[in-house]
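Student: The structure follows.
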Amino acid sequence: MHRVIIVGLGPIGISCARTVACTRNLELAGLVDTDPQKQGRPASDFIEPAPPGTGHVTSNLNAVLDRDIDVAVVTTTSSFTDICPLLRQLIEQKVHVVSSCEQMAWPWYRHSAEADKIDAEAADTGCAILGTGVNPGFVMDTLAVTLSSVVTQLTAVRCVRRVDAALRRKPLQKKIGATMSVQNFSAWADTKRIGHQGLGESVALLAAGLGRTIPPGCVHETLEPVVATRPIKSALGMISPGTVAGMRNRGIWHGDDLTIELDLTLSVGLDDTRDQVLIEGPVPLDLLISNAIPGDSATVASLVNQIPKVRTVTPGLRTMLDMPPAGCVEGRPPLR
């Protein structure tokens, strides 16, 4: 039995809590969130039925850590710098971590010195810290590495992900700029307040899986709006023609003998949705997943399926390249 707490009760965290609560060999032991509107509320407000002993939502992490916790699922931030104080609290209590923090997919790309410190601290206390998810963490990095294992030579890897954001949670639609003017989108993009997080980390993770090292800042990233040509309904309201429906984010790295290109489009009302991995070389490969992997449910599955595995790997700051295949170990009811 793995005793689990959920830290961060946004849509992904709540779905993780519901999934953990109904999964064999996982025990939901606490819910943590800093939102004053959630603190003190019973677990049954978020999970029906709530497992016995889950108690109430608290902002006091130490209070739930007194319950002999094995793994914390952390869904609080995209920033590795911002998550580090929380990681240190969990490391001090020898709690393993599985997190959706995008920059944790390959934290050495932007935060090498701090990543080395967290790695050493976790190794000293015997716990493993893992960043995972669907993107980054799988579809535009780990999946491509796995596919490349059946060729002996390659010259380029290109990953294309096209997702209809109308099927995604409201915070995601906000993050990609839906309903904004093009002018506001550009201003927010310039200050890094909008857009997908973790594209550079995905390139670095993919490159590491192919035996290459990408120095910080060497991934060329672009971010541009997808402009609506018709009225489109969204969770943020109606998107008018000429305003922003989503974003296209690209990352490219050129090595001496290898090019990696990631091409991500997230937009409300997007057609031709798909995930595609193309490997160029003497034996070219083209893997197509029609309609694209559903991002929200896949992120939850990636987190929950890694809970038993994270306790089995070498302690320290781990990536998906360190993890054995997790698989879907148990059928679960649909996420609500």
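The values are calculated or read from the model by the stated rules, or taken from the named source; none is laboratory data. This structure is a prediction, so every number in the text was calculated from the model and none was measured. Positions of Cβ are generated from backbone atoms using ideal geometry, with glycine treated the same way; all protein chains shown enter the neighbour counts.
Student: Suppose the filter is surrounded by 20 or more Cβ atoms within 10 Å (Cβ to Cβ), small (Gly, Ala, Ser) and touching a residue at least 24 places away in the same chain (Cβ under 8 Å); does SER99 pass it?
Tutor: Values: surrounded by 20 or more Cβ atoms within 10 Å (Cβ to Cβ): yes; small (Gly, Ala, Ser): yes; touching a residue at least 24 places away in the same chain (Cβ under 8 Å): yes.
For SER99, the condition - surrounded by 20 or more Cβ atoms within 10 Å (Cβ to Cβ), small (Gly, Ala, Ser) and touching a residue at least 24 places away in the same chain (Cβ under 8 Å) - is met.
Student: Evaluate the stretch 226-246: report whether one residue or more is touching a residue at least 24 places away in the same chain (Cβ under 8 Å), within 18 Å of ARG158 (Cβ to Cβ), out of contact with any Phe, Trp or Tyr (no Cβ under 9 Å at 6 or more places or on another chain) and surrounded by 15 or more Cβ atoms within 10 Å (Cβ to Cβ).
Tutor: So far as the stretch 226-246 goes, no, none of its residues is touching a residue at least 24 places away in the same chain (Cβ under 8 Å), within 18 Å of ARG158 (Cβ to Cβ), out of contact with any Phe, Trp or Tyr (no Cβ under 9 Å at 6 or more places or on another chain) and surrounded by 15 or more Cβ atoms within 10 Å (Cβ to Cβ).
Student: I'd like to verify a number: residues in the stretch 33-44 that are loosely packed, with under 14 Cβ neighbours inside 10 Å and among the acidic types (Asp, Glu), how many?
Tutor: Within the stretch 33-44, residues that are loosely packed, with under 14 Cβ neighbours inside 10 Å and among the acidic types (Asp, Glu) number 1.
Student: In addition: Is there any pair with a first residue in the stretch 283-310 that is without any contact (Cβ under 8 Å) to a residue 40 or more places away in the chain and surrounded by fewer than 19 Cβ atoms within 10 Å (Cβ to Cβ) and a second that is outside any helix (DSSP H, G or I) and of a type in the set (Val, Ile, Thr) whose Cβ atoms are under 7 Å apart and which are 6 or more apart or on different chains, and what are they?
Tutor: Once the first residue is without any contact (Cβ under 8 Å) to a residue 40 or more places away in the chain and surrounded by fewer than 19 Cβ atoms within 10 Å (Cβ to Cβ) and sits in the stretch 283-310, its partners that are outside any helix (DSSP H, G or I) and of a type in the set (Val, Ile, Thr) give ASN291/THR273.
Student: I'd like to verify a number: residues in the stretch 25-80 that are under 15 Å from GLY8 (Cα atoms), of a type in the set (D, E, K, R) and touching a strand residue (DSSP E or B) at 6+ places or on another chain (Cβ under 8 Å), how many?
Tutor: 2
Student: Would you mind finding the one in GLU27, GLU92 that is over 23 Å from ASP296 (Cα atoms), more than 21 Å from the chain's Cα centre (by Cα) and in the same structural domain as TRP108 (by TED's automatic domain parsing)?
Tutor: GLU92
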